[in-house]
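The values are calculated or read from the model by the stated rules, or taken from the named source; none is laboratory data. Treat the numbers as computed from the prediction; the structure is a model and nothing was measured. Protein only, heavy atoms only, side chains kept; ligands, DNA and RNA dropped before computing areas. Shrake-Rupley method; radii C 1.70, N 1.55, O 1.52, S 1.80 Å.
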Amino acid sequence: MRCGSKCFIVEMEVGGEKQTKSVTARTPIDARKTIRGAYGTEAHILSVIEDKKKNL
């Protein structure tokens with residue numbers, strides 16, 4: 001993990017199925033790059049949202 005990393009929820013479509021993955025990255029762009037590196041160009045990314053969990 002790098003300094004300044006956050007958790008992002010990536011919603012994507014791979015092979016006709018919608019999937020949701022949790023990705024640790026600095027920016028939404030880095031999260032997209034991570035998904036494309038893992039799944040290639042066949043992954044159609046629908047949304048990238050920062051996961052803001054409250055610590056109790």
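Looking across the stretch 25-45 at every residue that is open to solvent by less than 70 Å² (accessible area, probe 1.4 Å) and of a type in the set (A, V, I, L, M), the one that is nearest to residue 15 (Cα to Cα) is identified as 43. So if I check each of 23, 48, which one is under 8 Å from the mean Cα position of the chain (by Cα) and at pLDDT 95 or above? That would be 48, the only listed residue that is under 8 Å from the mean Cα position of the chain (by Cα) and at pLDDT 95 or above.
Residues in the stretch 1-18 that are open to solvent by 50 Å² or more (accessible area, probe 1.4 Å) and assigned to a strand (DSSP E or B): 6 in all.
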